[in-house]
Amino acid sequence: MLRFRNTFTDGVGFDTVLVMLALGYLVVFSAYPLVYNIIMSFQEVDLFSLASFDRPFVGLDNYRDVLGRPEAWTIFLNTVKFVGISVAAQLTIGFGLAMFFQLDFPGNSWLRGLFLAGWIMPALVVGAVWSWILAGDFGVLNHALLSLGLTSERIFWLSDPDMALYSVIIANIWLGVPFNMILLSVGLAGIPEDIYEAAEMDGATRVQRFFTITLPMMRAQLGAVISLGTIFTLQQFDLFAALTQGGPSNASNVFQYWSWQLSFQYYEIGVGSVISVLMILFVILVAAIYVRSTRAEHVA
Amino acid sequence: MTRQIELSNVQKYYGAYHALRSISLDIDEGEFVALVGPSGCGKSTLLRTIAGLEGISSGDLHIAGERVNDRAPRERDLAMVFQSYALYPHMTVRRNLTYSLRLQRRSRAEQAKAVEEIARITGLEGLLDRYPRELSGGQRQRVAMGRAIIREPKAFLFDEPLSNLDAALRVHMRSEVRQLHNRLGATSVYVTHDQIEAMTMADKVVVMRTGVIEQVGAPLDLYDRPANRFVAGFIGSPAMNFVPGIVQDGGTVALDLPGRPVLRFNGHRPAGEPVTVGLRPEHLELGDGPLTLPVGFVERTGSTSYVLTATDPELMISTPARFPDGRAEVTLSIDPANVHLFSDDTGAALLH
Ligand SMILES: Nc1ncnc2c1ncn2[C@@H]1O[C@H](COP(=O)(O)OP(=O)(O)O)[C@@H](O)[C@H]1O
Ligand SMILES: [Mg+2]
C-alpha cells in the first residue's frame, strides 16, 4: 500500500494517471464519435435504427446518393466561396488592423479593445445583431444606404438569392477579424525594431520592408491564422441558423449546415454522416498544414 | 581632405528631454572618429541622427557636401553596424550580405562576386549557407560588418559593435575593424562607452557628456591635454586622481593632504587660487620626492602594482615595479609637466 502511494506521488504513477485521463477524454469525446460517424456513413440509418448498432451496410451508396443530388454542387461551391472569401478577407483586414495598431498613437489600446468585442460575443448573438442590421424592411444597413442616397430601393440582403450567402460572409468576416488581428499582432510585435532599421539603412523602402522582412518573418503566424481560420469557418453554424437557414432554396447553404439539415431535420442520418466525413478529411488536411507551420516556427 | 560629415549646431529633443545640445562636429573623409562617453550621454542618439533613423529638432547635417536633414536613411548612403547585429533571421548569411544589392537589382554574377570577396575579407567562407542562429557571436558580428561593407557606402556607423563579445575576442576585433577601415579607406564613426576602444582605434575622439561634446581631439591630445576635469577623469585607466589644492607663489601648488605637500607645475596661475589638482596614477613615481603618504592597500597583477594611499581623498599609484609587502609609507615624485590644474568652479583645465 505504501509502495503504491509512493509510486503515485513520486514515481511514474501520477504521470500515468494524467496521461490516461487525457487519453480517456480523447477516446470518449473525440475518437468514438468520429469512428461512429464514419461507420454510419456506410450504413443505412433511419430514426428507428438510430439506437441499435445492427444496421445494414450499404457500401458507398450514401456517398453516391448525396454527391448525385442536384443541390450538392451548388452547396459545394457555396462552401468554397464561404471559406475562401471569409478567410481571405479576415486575414487581410486582420493584418491591416494589426499593422495599424503597431503604430504609436493616443487611444491605441482603447481602440484595440473595441475591436475585440466581436470575439467575446457568442456567434448566435452576433447573428441576431447582424439579422437586425441586414433586415430587408427595417434593417439598419438599408436605412443607412437609402438615406445616404447610395441605393434607390431596399436590398433584401437575407432573402435575395444573389445576396444571402454574401450577407452571411460579411457577418462571418466581422466575427473572425479580431482573432486574426490578435494572432498577427503577437507575430508583428515579435519582430525586433532594429531589423527594420537595418533594412532601412540597407536601402529598403516601406513597401520593400513589408515584403522582405514582415511577410517572411510572419510566415508561421500567417500559416496558423489561415489554417485555424479555415477550420473555424468550416465550423461556422450559428450564423446560418440565425440569418438565412441556408435559404432561399439553398442559395446560402453550406456543407456544415446541410449536414445538420440532412441528419436532424430530414433524418437522413447516413447521408448527413457522409458530408461530415468528407469535411473531417478536409479539416485533417488543413490541420496537418497548421502543425507543419507551427513546427517551422519552433525551428526558426 | 574633404569633409564627409558635417554637423552644425544640431539640437535633438525627445519631448521635453534635451538629448543633443548644440552639437557641431566635422568628420573628414577617411577619418576614424570615436564617440565616447558614459552610458546615456547621447552617443547612440547622435549616431542615429547621422544615420537618419532619428530626426533632428534644429541645426544642419551635411553628408558629402549635401544637406540631408530631410532625407530618409536609404537616401544617405551610409551603412550601420548595430550592437545587436540586427541580422535578418530568416535569411542565410549569403542573403544577409546581398540584401542591399538585391534591393538595387544588381545582377546575380555581380552579387556572387561581391559575396565571395566579402567572405574572404571577413573570414566567412564556409558559413555562407548558414542562418544567423547557427553562428557564434563573433561570426554574427562579422556578418554584420560584411553586410555594411558590401555596399561601399559613403561612411560606416558603428554602435558599440563589439560590446557583446567576450574580452579576448573584443581586443582581437578591435584591430581587425581598424585594419578593415584602413584597407577600405572608409570614413567611420564608432560609438563606444569604452575609452580604451576609442583611444586605440580612433584618429579623432569625441568625448560626450549629457548631450554635450566636452572635447574633440587626437587620442593622445586628450590624454595629455584634457580640456576639463570630466575628460581628464574619463580618459585614462586607472582614472586620474583629483586632490583639492591652493596655488602658491612661483608655480607651485599646495595639496590638501597630510603634511600639505607642495608640487611644482608648468605655467602660471595667481597665488591663493583654490584649484583641483589632477595627477595620473602612472605619472606618480616611486622614490625621492615631495610626497610622503601612508600606504592603505596594494594590488599586484604581475606586470603592474597598484598602490592606494590611506588618505582622504585616496591616491592611486600604478607602477611597473614590484611594490614590496609591509611598507607603511610611500614617497613619490611627479614631473611638473604632468601636473594638471582644474578650476574649482567650471572644471576647465587651467594650464593649457
Ligand atoms: N526614443 C527615445 N525617447 C526618449 N528618450 C530617449 C529615446 N532614446 C534615447 N533617449 C534618451 O536619450 C538619452 C541618450 O540616449 P542614448 O543616445 O541611447 O545614450 P548612449 O550614449 O548610451 O548611447 C538617454 O537619457 C535616453 O534615455
Ligand atoms: Mg547607446
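We did not get these values from a lab; they are worked out from the coordinates using the rules stated. On a predicted model such as this, the values are computed, not experimentally measured, just so you know. Here the Cβ positions follow ideal geometry from the backbone for every residue, glycine too, while neighbour counts run over all protein chains shown.
Quick look at the numbers
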item: For chain B, built as a Gaussian network whose Cα springs stay under 10 Å, the top-fluctuating residue of B:ALA202, B:ALA112, B:ALA239; result: B:ALA112
item: Highest to lowest packing among B:307-320, B:181-194, scored as the average C-beta count within 10 Å; result: B:181-194, B:307-320
item: Max mean-square fluctuation residue, GNM over chain A, Cα-Cα springs under 10 Å, options A:LEU278, A:LEU184, A:LEU47; result: A:LEU47
item: Hz values of 3J(HN,Hα) by residue in region A:253-265 - Karplus curve (6.51, -1.76, 1.60), Gly and Pro given as x; result: 7, 10, 3, 5, 7, 4, 4, 5, 4, 4, 6, 10, 9
item: Region A:226-235 - phi-based ³J(HN,Hα) in whole Hz, Karplus 6.51/-1.76/1.60, Gly and Pro as x; result: 5, 6, 5, x, 4, 5, 4, 5, 5, 8
item: Part-to-part distance (alpha-carbon centres) for region A:190-221 and region B:179-239, which is given in Å; result: 34 Å
item: Highest to lowest packing among B:35-48, A:27-40, scored as the average C-beta count within 10 Å; result: B:35-48, A:27-40
item: For residues of B:98-108, the mean tally of beta carbons on other chains within 10 Å; result: 3
item: Lys/Arg +1, Asp/Glu -1 at C-beta; chain B dipole; positive extreme among B:PRO226, B:PRO270, B:ALA114; result: B:ALA114
item: GNM flexibility winner over chain A from A:VAL80, A:VAL207, A:VAL168 (Cα, springs under 10 Å); result: A:VAL207
item: In the protein assembly as shown, lysine pairs closer than 24 Å at Cα, eight or more apart or cross-chain; result: 7
item: For region A:205-215, 3J(HN,Hα) per residue [Karplus equation, 6.51 cos²θ - 1.76 cosθ + 1.60, θ = phi - 60°, Hz, x = Gly/Pro]; result: 6, 4, 5, 5, 5, 4, 7, 9, 10, 4, 4
item: For region A:49-101 versus region B:116-160, the gap between their alpha-carbon centres in whole angstrom; result: 51 Å
item: Within chain B, helix-based [θ] at 222 nm, where runs of 4 or more DSSP H residues each add -39,500 (n - 2.57), nearest 500; result: -7000 deg cm²/dmol
item: Options A:PHE115, B:THR49, A:ALA287, ranked by Cα towards positive dipole end of the protein assembly as shown, top entry (Cβ charges); result: A:ALA287
item: Test item: A:190-200 mean partner chain Cβ contacts at 10 Å; result: 6
item: Average beta-carbon neighbours from other chains, 10 Å sphere, peptide B:86-93; result: 5
item: Inter-centroid distance (Cα atoms) of region B:277-352 relative to region B:64-114, Å; result: 50 Å
item: Stokes-Einstein translational diffusion, region A:72-298 - Kirkwood Rh over all Cα pairs, 1.002 mPa s, 20 °C, in µm²/s; result: 110 µm²/s
item: Largest-first principal axis extents of the Cα set of the protein assembly as shown (Å); result: 122, 82, 53
item: For B:VAL171, net neighbour charge (Lys/Arg +1, Asp/Glu -1) across residues whose Cβ lies under 12 Å away; result: -1
item: Charge context of A:HIS143, other residues only, Cβ under 13 angstrom, K/R +1, D/E -1; result: -1
item: DSSP-loop chymotrypsin sites (Phe, Trp or Tyr not before Pro) across region A:132-218, with at most 15 other Cβ within 10 angstrom; result: A:PHE138
item: Peptides A:140-146, A:104-110 ordered by average Cβ neighbours within 10 Å, highest first; result: A:140-146, A:104-110
item: Distant-in-sequence amide H partners of B:GLN215 (H built 1.01 Å from N, under 5 Å); result: B:VAL207
item: Two-decimal Rg to Rh for region B:128-203 - Kirkwood Rh, Cα set; result: 0.95
item: Stokes-Einstein D in µm²/s, Kirkwood radius over Cα pairs - chain B at 10 °C with 1.306 mPa s viscosity; result: 70 µm²/s
